[in-house]
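The values are calculated or read from the model by the stated rules, or taken from the named source; none is laboratory data. Predicted model, so just to flag it, every value in this text is computed and none were measured. We place every Cβ from the backbone using ideal geometry, glycine too, and count neighbours over all the protein chains shown.
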Amino acid sequence: MSLESVPNPEDLLVLLAVSRTGRFSSAAEDLGLNHTTVSRRIGTLEKVLGGHVLARTSGGWELTELGHKAVAAAERVEEAVGALTRDSAAAAQLAGTVRMSATDGFSAYIAAPAVARLQRANPRLAVEIVTTARPASRHRSGLDFEVVVGRPQVHRAQAVRLGHYVLGLYGSQSYLADHGTPATIKAALAHPLVYFIDSMLQVDDLDAPRRLLPGMATAVGSTNVFVHVEATRAGVGLGLLPCFMADRHEDLVRLFPAELAEKLAYWLVARPDSLRQPSVAAVVDALRRGTREMEPWLLGSPPSEEGERIKNRDAGHWA
(Lines give C-alpha, C1' and ligand atoms only; values in the text may rest on other atoms or scores of the structure.)
Protein backbone atom coordinates (compact mmCIF):
# COMPACT_ATOMS: atom_id res chain seq x y z
CA MET A 1 0.00 0.00 0.00
CA SER A 2 1.50 3.36 -1.04
CA LEU A 3 1.48 6.37 1.27
CA GLU A 4 -0.68 8.20 -1.27
CA SER A 5 -3.53 5.75 -0.60
CA VAL A 6 -3.33 6.15 3.19
CA PRO A 7 -5.56 8.89 4.71
CA ASN A 8 -3.75 11.69 6.54
CA PRO A 9 -4.64 11.38 10.26
CA GLU A 10 -5.08 15.16 10.43
CA ASP A 11 -7.66 14.98 7.63
CA LEU A 12 -9.50 12.25 9.54
CA LEU A 13 -9.59 14.43 12.64
CA VAL A 14 -11.00 17.32 10.58
CA LEU A 15 -13.78 15.01 9.37
CA LEU A 16 -14.42 13.97 12.97
CA ALA A 17 -14.86 17.62 13.97
CA VAL A 18 -17.29 18.23 11.08
CA SER A 19 -19.28 15.10 11.99
CA ARG A 20 -19.76 16.39 15.54
CA THR A 21 -21.09 19.80 14.58
CA GLY A 22 -22.53 19.24 11.12
CA ARG A 23 -20.93 22.47 9.89
CA PHE A 24 -17.58 23.39 8.36
CA SER A 25 -17.57 26.78 10.10
CA SER A 26 -18.08 25.31 13.58
CA ALA A 27 -15.45 22.62 12.98
CA ALA A 28 -13.02 25.28 11.72
CA GLU A 29 -13.56 27.34 14.87
CA ASP A 30 -13.05 24.33 17.14
CA LEU A 31 -9.85 23.33 15.32
CA GLY A 32 -8.41 26.82 14.98
CA LEU A 33 -8.56 26.62 11.17
CA ASN A 34 -10.44 28.56 8.53
CA HIS A 35 -13.42 27.30 6.56
CA THR A 36 -11.39 26.94 3.36
CA THR A 37 -8.81 24.73 5.05
CA VAL A 38 -11.51 22.45 6.45
CA SER A 39 -13.11 22.14 3.02
CA ARG A 40 -9.76 21.46 1.39
CA ARG A 41 -8.86 18.74 3.92
CA ILE A 42 -12.22 17.03 3.42
CA GLY A 43 -11.67 17.14 -0.33
CA THR A 44 -8.22 15.60 0.06
CA LEU A 45 -9.61 12.85 2.28
CA GLU A 46 -12.36 12.04 -0.22
CA LYS A 47 -9.80 11.86 -3.02
CA VAL A 48 -7.70 9.36 -1.04
CA LEU A 49 -10.72 7.27 -0.02
CA GLY A 50 -12.26 7.38 -3.47
CA GLY A 51 -15.70 8.60 -2.50
CA HIS A 52 -17.77 11.18 -0.63
CA VAL A 53 -17.63 11.15 3.17
CA LEU A 54 -20.22 13.91 3.67
CA ALA A 55 -23.59 14.74 2.14
CA ARG A 56 -25.30 18.11 2.47
CA THR A 57 -28.76 18.14 4.10
CA SER A 58 -31.09 20.89 5.26
CA GLY A 59 -29.66 20.56 8.76
CA GLY A 60 -25.99 20.65 7.77
CA TRP A 61 -23.52 17.96 6.72
CA GLU A 62 -24.34 14.28 7.33
CA LEU A 63 -21.93 11.35 7.11
CA THR A 64 -22.21 8.95 4.18
CA GLU A 65 -21.63 5.23 4.66
CA LEU A 66 -17.97 5.78 3.75
CA GLY A 67 -17.92 8.75 6.12
CA HIS A 68 -19.10 6.59 9.03
CA LYS A 69 -16.20 4.20 8.39
CA ALA A 70 -13.75 7.08 8.20
CA VAL A 71 -15.06 8.59 11.45
CA ALA A 72 -14.65 5.26 13.23
CA ALA A 73 -10.98 5.33 12.16
CA ALA A 74 -10.74 9.00 13.19
CA GLU A 75 -12.00 8.21 16.66
CA ARG A 76 -9.28 5.59 17.04
CA VAL A 77 -6.71 8.17 15.93
CA GLU A 78 -8.10 10.67 18.43
CA GLU A 79 -7.97 8.09 21.21
CA ALA A 80 -4.39 7.12 20.36
CA VAL A 81 -3.22 10.74 20.23
CA GLY A 82 -4.99 11.42 23.50
CA ALA A 83 -3.22 8.50 25.13
CA LEU A 84 0.13 9.96 24.07
CA THR A 85 -0.58 13.51 25.20
CA ARG A 86 -2.68 12.88 28.27
CA ASP A 87 -1.06 12.86 31.67
CA SER A 88 -1.58 9.23 32.71
CA ALA A 89 -1.64 9.95 36.41
CA ALA A 90 -4.28 12.67 36.00
CA ALA A 91 -6.33 10.44 33.70
CA ALA A 92 -6.35 7.73 36.34
CA GLN A 93 -7.48 10.23 38.94
CA LEU A 94 -10.52 11.89 37.39
CA ALA A 95 -12.27 13.53 40.30
CA GLY A 96 -14.87 16.10 41.21
CA THR A 97 -18.49 16.57 40.20
CA VAL A 98 -19.85 16.96 36.68
CA ARG A 99 -23.42 18.20 36.38
CA MET A 100 -25.40 17.70 33.18
CA SER A 101 -29.01 17.93 32.06
CA ALA A 102 -30.74 15.68 29.55
CA THR A 103 -34.13 14.26 28.67
CA ASP A 104 -35.59 11.40 30.72
CA GLY A 105 -35.03 8.65 28.15
CA PHE A 106 -31.49 9.72 27.25
CA SER A 107 -30.59 10.03 30.93
CA ALA A 108 -31.86 6.55 31.83
CA TYR A 109 -30.81 4.47 28.83
CA ILE A 110 -27.71 6.21 27.51
CA ALA A 111 -26.24 8.51 30.15
CA ALA A 112 -26.66 6.27 33.20
CA PRO A 113 -24.94 3.16 31.74
CA ALA A 114 -22.19 5.25 30.11
CA VAL A 115 -21.50 7.17 33.30
CA ALA A 116 -21.55 3.98 35.36
CA ARG A 117 -18.81 2.45 33.21
CA LEU A 118 -16.72 5.62 33.51
CA GLN A 119 -17.27 5.94 37.25
CA ARG A 120 -16.20 2.35 37.94
CA ALA A 121 -12.77 3.25 36.54
CA ASN A 122 -12.77 6.65 38.29
CA PRO A 123 -14.43 6.22 41.71
CA ARG A 124 -13.59 9.80 42.74
CA LEU A 125 -15.71 11.15 39.88
CA ALA A 126 -19.34 12.05 40.58
CA VAL A 127 -21.92 12.85 37.91
CA GLU A 128 -25.21 14.61 38.61
CA ILE A 129 -27.93 14.21 35.97
CA VAL A 130 -30.81 16.70 35.91
CA THR A 131 -33.69 15.38 33.77
CA THR A 132 -35.60 17.91 31.71
CA ALA A 133 -37.03 18.41 28.21
CA ARG A 134 -36.29 22.00 27.23
CA PRO A 135 -34.28 23.99 24.69
CA ALA A 136 -30.64 24.78 25.33
CA SER A 137 -30.27 27.46 27.98
CA ARG A 138 -28.79 30.83 27.18
CA HIS A 139 -27.01 30.72 30.52
CA ARG A 140 -25.89 27.28 31.68
CA SER A 141 -25.56 28.33 35.32
CA GLY A 142 -24.82 25.33 37.52
CA LEU A 143 -24.45 22.97 34.55
CA ASP A 144 -21.33 21.76 32.79
CA PHE A 145 -23.29 20.79 29.69
CA GLU A 146 -26.74 19.95 28.37
CA VAL A 147 -28.14 17.26 26.08
CA VAL A 148 -31.15 18.58 24.15
CA VAL A 149 -33.44 17.48 21.34
CA GLY A 150 -33.09 19.43 18.09
CA ARG A 151 -30.34 21.69 16.75
CA PRO A 152 -29.75 24.37 19.40
CA GLN A 153 -29.41 28.06 18.65
CA VAL A 154 -26.62 29.10 21.01
CA HIS A 155 -23.92 31.74 21.28
CA ARG A 156 -20.54 31.39 22.94
CA ALA A 157 -21.11 27.67 23.28
CA GLN A 158 -20.21 24.55 21.34
CA ALA A 159 -22.96 22.29 19.99
CA VAL A 160 -22.16 18.69 19.07
CA ARG A 161 -24.63 16.28 17.50
CA LEU A 162 -24.53 13.00 19.44
CA GLY A 163 -26.88 11.00 17.21
CA HIS A 164 -30.45 10.50 16.06
CA TYR A 165 -33.42 8.60 17.46
CA VAL A 166 -36.83 7.70 16.06
CA LEU A 167 -40.35 8.14 17.44
CA GLY A 168 -42.99 5.59 16.50
CA LEU A 169 -46.66 4.94 17.22
CA TYR A 170 -47.35 2.05 19.62
CA GLY A 171 -50.29 0.29 21.19
CA SER A 172 -50.39 -2.39 23.84
CA GLN A 173 -51.48 -5.88 22.84
CA SER A 174 -54.38 -5.68 25.27
CA TYR A 175 -55.53 -2.29 23.98
CA LEU A 176 -55.42 -3.44 20.36
CA ALA A 177 -57.29 -6.63 21.26
CA ASP A 178 -60.06 -4.61 22.91
CA HIS A 179 -60.30 -1.72 20.44
CA GLY A 180 -59.00 -3.22 17.21
CA THR A 181 -55.77 -2.58 15.37
CA PRO A 182 -56.19 0.42 13.04
CA ALA A 183 -55.60 -0.55 9.41
CA THR A 184 -54.58 2.94 8.31
CA ILE A 185 -53.12 6.09 9.83
CA LYS A 186 -56.48 7.78 9.22
CA ALA A 187 -58.14 5.07 11.31
CA ALA A 188 -55.54 5.56 14.05
CA LEU A 189 -56.61 9.21 14.40
CA ALA A 190 -59.86 8.01 15.97
CA HIS A 191 -57.92 6.58 18.92
CA PRO A 192 -56.74 8.63 21.91
CA LEU A 193 -53.07 9.64 22.04
CA VAL A 194 -50.46 9.45 24.79
CA TYR A 195 -47.79 12.15 24.40
CA PHE A 196 -46.47 15.41 25.84
CA ILE A 197 -48.73 18.16 27.21
CA ASP A 198 -49.13 20.62 24.34
CA SER A 199 -49.26 23.74 26.49
CA MET A 200 -46.13 22.79 28.44
CA LEU A 201 -43.97 21.51 25.58
CA GLN A 202 -40.95 23.79 25.13
CA VAL A 203 -39.05 21.92 22.40
CA ASP A 204 -40.18 22.62 18.84
CA ASP A 205 -38.73 19.36 17.49
CA LEU A 206 -40.84 17.37 19.97
CA ASP A 207 -43.95 19.28 18.94
CA ALA A 208 -43.36 18.56 15.24
CA PRO A 209 -44.40 14.86 15.36
CA ARG A 210 -47.97 15.91 16.19
CA ARG A 211 -48.32 17.00 12.56
CA LEU A 212 -48.21 13.30 11.66
CA LEU A 213 -51.34 12.74 13.74
CA PRO A 214 -53.52 15.82 13.20
CA GLY A 215 -56.56 16.14 15.40
CA MET A 216 -55.78 13.08 17.50
CA ALA A 217 -57.26 13.69 20.96
CA THR A 218 -54.96 13.35 23.96
CA ALA A 219 -55.85 10.65 26.50
CA VAL A 220 -52.85 11.12 28.80
CA GLY A 221 -50.31 13.91 28.53
CA SER A 222 -47.16 14.13 30.61
CA THR A 223 -43.84 15.93 30.73
CA ASN A 224 -42.17 12.58 31.48
CA VAL A 225 -41.61 10.09 28.67
CA PHE A 226 -41.63 7.14 31.10
CA VAL A 227 -45.25 8.06 31.86
CA HIS A 228 -45.93 7.91 28.11
CA VAL A 229 -44.55 4.38 27.92
CA GLU A 230 -46.36 3.06 30.99
CA ALA A 231 -49.68 4.73 30.11
CA THR A 232 -49.49 3.12 26.65
CA ARG A 233 -48.69 -0.25 28.21
CA ALA A 234 -51.68 0.22 30.54
CA GLY A 235 -53.98 0.56 27.53
CA VAL A 236 -54.98 4.23 27.78
CA GLY A 237 -54.49 4.79 24.06
CA LEU A 238 -51.84 4.82 21.35
CA GLY A 239 -48.48 6.26 22.38
CA LEU A 240 -46.03 8.29 20.33
CA LEU A 241 -42.90 6.82 21.89
CA PRO A 242 -39.13 6.68 21.38
CA CYS A 243 -38.45 3.32 19.74
CA PHE A 244 -35.42 2.68 21.95
CA MET A 245 -37.71 2.74 24.98
CA ALA A 246 -40.85 1.11 23.58
CA ASP A 247 -39.09 -1.78 21.80
CA ARG A 248 -37.91 -3.11 25.16
CA HIS A 249 -41.46 -4.13 26.03
CA GLU A 250 -42.91 -7.22 24.35
CA ASP A 251 -46.46 -6.08 25.13
CA LEU A 252 -46.11 -3.02 22.89
CA VAL A 253 -46.79 -3.27 19.15
CA ARG A 254 -45.42 -0.71 16.74
CA LEU A 255 -47.93 0.55 14.16
CA PHE A 256 -47.11 1.75 10.63
CA PRO A 257 -43.32 1.68 11.10
CA ALA A 258 -42.66 2.67 7.50
CA GLU A 259 -45.05 5.63 7.50
CA LEU A 260 -44.68 6.87 11.09
CA ALA A 261 -40.97 7.18 11.87
CA GLU A 262 -40.05 10.66 13.03
CA LYS A 263 -36.27 11.09 13.29
CA LEU A 264 -35.03 13.54 15.92
CA ALA A 265 -31.50 14.44 16.98
CA TYR A 266 -29.72 14.61 20.32
CA TRP A 267 -27.30 17.54 20.64
CA LEU A 268 -24.79 18.26 23.39
CA VAL A 269 -24.22 21.91 24.30
CA ALA A 270 -21.34 23.18 26.42
CA ARG A 271 -19.06 26.14 26.82
CA PRO A 272 -15.57 25.55 25.37
CA ASP A 273 -13.99 26.13 28.80
CA SER A 274 -16.15 23.35 30.28
CA LEU A 275 -15.05 20.90 27.60
CA ARG A 276 -11.42 21.61 28.44
CA GLN A 277 -11.91 20.20 31.94
CA PRO A 278 -10.66 16.56 31.98
CA SER A 279 -13.62 15.27 33.98
CA VAL A 280 -16.20 16.95 31.71
CA ALA A 281 -14.37 15.83 28.57
CA ALA A 282 -14.34 12.24 29.87
CA VAL A 283 -18.10 12.26 30.54
CA VAL A 284 -18.81 13.76 27.12
CA ASP A 285 -16.65 11.10 25.45
CA ALA A 286 -18.49 8.39 27.41
CA LEU A 287 -21.83 9.75 26.16
CA ARG A 288 -20.62 9.81 22.56
CA ARG A 289 -19.59 6.18 22.81
CA GLY A 290 -22.79 5.21 24.59
CA THR A 291 -24.93 6.89 21.93
CA ARG A 292 -22.99 5.17 19.15
CA GLU A 293 -23.40 1.76 20.81
CA MET A 294 -27.16 2.34 21.09
CA GLU A 295 -27.61 3.49 17.50
CA PRO A 296 -29.60 0.45 16.23
CA TRP A 297 -32.02 0.80 19.14
CA LEU A 298 -32.24 4.57 18.75
CA LEU A 299 -33.18 4.20 15.08
CA GLY A 300 -35.81 1.56 15.79
CA SER A 301 -34.00 -1.45 14.37
CA PRO A 302 -32.24 -3.30 17.20
CA PRO A 303 -30.30 -6.45 16.27
CA SER A 304 -32.33 -9.46 17.40
CA GLU A 305 -29.64 -11.00 19.63
CA GLU A 306 -28.75 -7.65 21.19
CA GLY A 307 -32.43 -6.87 21.60
CA GLU A 308 -33.07 -10.04 23.57
CA ARG A 309 -30.01 -9.38 25.74
CA ILE A 310 -31.11 -5.86 26.65
CA LYS A 311 -34.73 -6.89 27.17
CA ASN A 312 -33.67 -9.64 29.54
CA ARG A 313 -31.27 -7.31 31.33
CA ASP A 314 -33.86 -4.58 31.84
CA ALA A 315 -36.96 -6.72 32.43
CA GLY A 316 -36.63 -6.88 36.19
CA HIS A 317 -35.72 -3.21 36.63
CA TRP A 318 -38.25 -1.52 34.36
CA ALA A 319 -41.20 -3.92 34.57
Determine which member of the set Ala265, Ala246 is touching a Lys or Arg at 6+ places or on another chain (Cβ under 8 Å), surrounded by 21 or more Cβ atoms within 10 Å (Cβ to Cβ) and among the aliphatic types (A, V, I, L, M). Ala246
Where the second residue is assigned to a helix (DSSP H, G or I) and of a type in the set (D, E, K, R) and the first is in the same structural domain as Asp207 (by TED's automatic domain parsing) and lies in the range 222-236, which pairs have Cβ atoms under 8 Å and are six or more apart or on separate chains? Asn224/Asp104; Val225/Asp104; Phe226/Asp104; Gly235/Asp178
(1) under 19 Å from Ser107 (Cβ atoms); (2) among the hydroxyl-bearing types (Ser, Thr, Tyr); (3) touching a strand residue (DSSP E or B) at 6+ places or on another chain (Cβ under 8 Å) all hold for Thr232 apart from (1)
Can you tell me which residues in the range 10-58 are of a type in the set (S, T, N, Q) and surrounded by fewer than 17 Cβ atoms within 10 Å (Cβ to Cβ)? Ser25, Asn34, Thr36, Thr37, Ser39, Thr44, Thr57, Ser58
Restricting the range 128-153 to residues that are of a type in the set (D, E, K, R) and touching a Phe, Trp or Tyr at 6+ places or on another chain (Cβ under 9 Å), the one modelled with the highest pLDDT turns out to be Glu146
Mind listing whichever residues of the range 1-54 are over 26 Å from the mean Cα position of the chain (by Cα), farther than 24 Å from Leu268 by Cα and not in a helix (DSSP H, G or I)? Met1, Ser2, Val6, Pro7, Asn8, Gly50, Gly51
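Rundown of residues vs (1) part of a strand (DSSP E or B); (2) touching a Leu at 6+ places or on another chain (Cβ under 8 Å); (3) in contact (Cβ under 8 Å) with a residue 12 or more places away in the chain, yes/no style:
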| position | (1), (2), (3) |
| --- | --- |
| Ala177 | no, no, no |
| Pro182 | no, yes, yes |
| Ala187 | no, no, no |
| Val194 | yes, yes, yes |
| Arg211 | no, no, no |
| Ala219 | yes, yes, yes |
